[in-house]
Amino acid sequence: MDNLGDSCILVKPDTSMLAQIKDFRAAFLASGESMDGTGPLLRMEDPLEWLELNRQAERRENIPAEWVPFEQFVFLRERDGAIVGMIQFRFELNDFLRDFGGHIGYSVHPNERKKGYAKRMLAECLKVSKAYGLERVLLTCLVENEGSRRTIISCGGVYEKTVYCKRDDVYLERYWIEL
């Protein structure tokens, strides 16, 4: 089912969304799936703490040396204010992100998948990446994640290669999108 008629906006999460952020996290904990593009939300029980971390992460001087600055967004469905997805734009790449993570990570709420939200959310984040000044972005996905692969390719992703991430014991496909 495609919900292209649903108007959605890419916005930075704020305190008005605390309950939804908590519910988003709970849905992923219940499903046992990874929450890509949400930073440490999976480990953080307090959404207010996560919001503060996101605010600080936009400036290099506020984050640990091994991190890169980033902007965190939610994809908000306007008709009901529901968070249907989360996406993170990383301004640059460190060694790990260059090899295994990329500039953008995202997740769609388990109850909102296969409705076209991932493609629309990624397309909006690519506009943010271009406005920031990047000419191309790297995205990765698990080899078995057909939905993410299709999303990346539909937004212009060009396959580069498959790599093995020993830390997570997974194979990842690497894609570049020219902006």
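For (1) among the basic types (K, R); (2) out of contact with any strand residue (DSSP E or B) (no Cβ under 6 Å at 6 or more places or on another chain); (3) without any contact (Cβ under 8 Å) to a residue 40 or more places away in the chain; (4) under 19 Å from L138 (Cβ atoms), each residue gets a yes or a no:
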{"residue": "V11", "(1), (2), (3), (4)": "no, no, no, no"}
{"residue": "S16", "(1), (2), (3), (4)": "no, yes, yes, no"}
{"residue": "N54", "(1), (2), (3), (4)": "no, no, no, no"}
{"residue": "E61", "(1), (2), (3), (4)": "no, yes, yes, no"}
{"residue": "E66", "(1), (2), (3), (4)": "no, yes, yes, yes"}
{"residue": "V84", "(1), (2), (3), (4)": "no, no, no, no"}
Cβ pairs under 7 Å, 6+ apart or interchain, first in the range 106-134 and on the phi > 0 side of the Ramachandran plot, second at pLDDT below 95, ordered by first then second residue, are K114/M1; G116/D2; G116/N3; G116/L4
Among (1) among the aliphatic types (A, V, I, L, M); (2) within 11 Å of the chain's Cα centre (by Cα); (3) in a loop (DSSP other than H, G, I, E, B), M86 falls short only on (3)
Taking the range 68-80 and keeping only residues that are part of a loop (DSSP other than H, G, I, E, B), touching a residue at least 12 places away in the same chain (Cβ under 8 Å) and not aliphatic (A, V, I, L, M), one is left with P69, E78, R79
Worksheet item: Right, V68: closer than 20 Å to L29 by Cα and not charged (D, E, K, R) or not?
Response: no
**Prompt:** In the range 82-89, is there at least one residue being among the aromatic types (F, W, Y), modelled with pLDDT of 95 or more and surrounded by fewer than 19 Cβ atoms within 10 Å (Cβ to Cβ)?
**Reply:** no
In the range 141-157, anything crowded, with 21+ Cβ neighbours inside 10 Å and out of contact with any Phe, Trp or Tyr (no Cβ under 6 Å at 6 or more places or on another chain) is listed as C141, S148, T151
Picked from the range 27-62 (must be among the small types (G, A, S) and outside any loop (DSSP other than H, G, I, E, B)), the residue surrounded by the most Cβ atoms within 10 Å (Cβ to Cβ) is G39
Expected single match for over 13 Å from the mean Cα position of the chain (by Cα), within 30 Å of K161 (Cα to Cα) and among the hydroxyl-bearing types (S, T, Y) among S16, S31, S7, S107 is S31
Does A19 fit the bill of being closer than 23 Å to R149 by Cβ, touching a helix residue (DSSP H, G or I) at 6+ places or on another chain (Cβ under 9 Å), in a helix (DSSP H, G or I) and not acidic (D, E)? no
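The values are calculated or read from the model by the stated rules, or taken from the named source; none is laboratory data. Just so it is clear, the structure is predicted and the values come from calculations on it, not from any experiment. A quick note on method: Cβ atoms are made from the backbone with ideal geometry, for glycine too, and the neighbour counts reach across all protein chains shown.
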